[in-house]
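The values are calculated or read from the model by the stated rules, or taken from the named source; none is laboratory data. Please read all numbers here as calculations on a predicted model, not as lab measurements. Note that each Cβ is placed from the backbone with ideal geometry, even for glycine, and that neighbours are counted across all protein chains shown.
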Amino acid sequence: MKNIIVIDDSPTIRTSVQFALKQLGHNIRQAENGLKGLEVVDEVMDQKEDLALCVVDINMPEMDGITFVKEFRKKDKFTPVLVLTTESEEDKMKEGKAAGASGWMVKPFKPNDLIGVVQKLIR
Ligand SMILES: [Mg+2]
């Protein structure tokens, strides 16, 4: 089974992303900031499991999403990273893309829109 890691400091967002994406049949793991997200990435790698996707928020304590993307790309060049943004974060979207993000989703989003974007990224 492939893993999707959902990294957001909002438990509500993590839960709604998990609820939407579990329909795809992947194992969903959660983390509350970028640093914890990197720990979960290491866990998946140590367990020799496949990683299908990371979904990451921008504004989080400890380590933000842009820094997460930069650090993650040192470990994994190819696995897609979907960044969750708000309308006002256009600069951050560019920064995220430069850091190696594969796509973004503007919050708030409908579950089906998220599923559509994710299916394109992980096929
Ligand atoms: Mg946040």
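Numbers at a glance
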{"item": "Residue satisfying condition, being within 11 Å of the chain's Cα centre (by Cα), among the β-branched types (Val, Ile, Thr) and at pLDDT 95 or above, within set Val6, Val40", "result": "Val6"}
{"item": "Boolean, Val69 is without any contact (Cβ under 8 Å) to a residue 40 or more places away in the chain, assigned to a strand (DSSP E or B) and more than 18 Å from Gln23 (Cβ to Cβ)", "result": "no"}
{"item": "Complete set of residues in the range 72-95 that are part of a strand (DSSP E or B), among the β-branched types (Val, Ile, Thr) and within 15 Å of the ligand (Cβ to nearest atom)", "result": "Val83, Thr85"}
{"item": "The range 35-59, residues that are of a type in the set (A, V, I, L, M), crowded, with 20+ Cβ neighbours inside 10 Å and within 16 Å of the ligand (Cβ to nearest atom)", "result": "Val55, Val56, Ile58"}
{"item": "Residue in the range 9-28 that is within 16 Å of the ligand (Cβ to nearest atom), out of contact with any helix residue (DSSP H, G or I) (no Cβ under 7 Å at 6 or more places or on another chain), not basic (Lys, Arg) and not in a helix (DSSP H, G or I) present", "result": "yes"}
{"item": "Any hit, the range 74-84, residues being under 15 Å from Ile4 (Cβ atoms), among the charged types (D, E, K, R) and at pLDDT 95 or above", "result": "yes"}
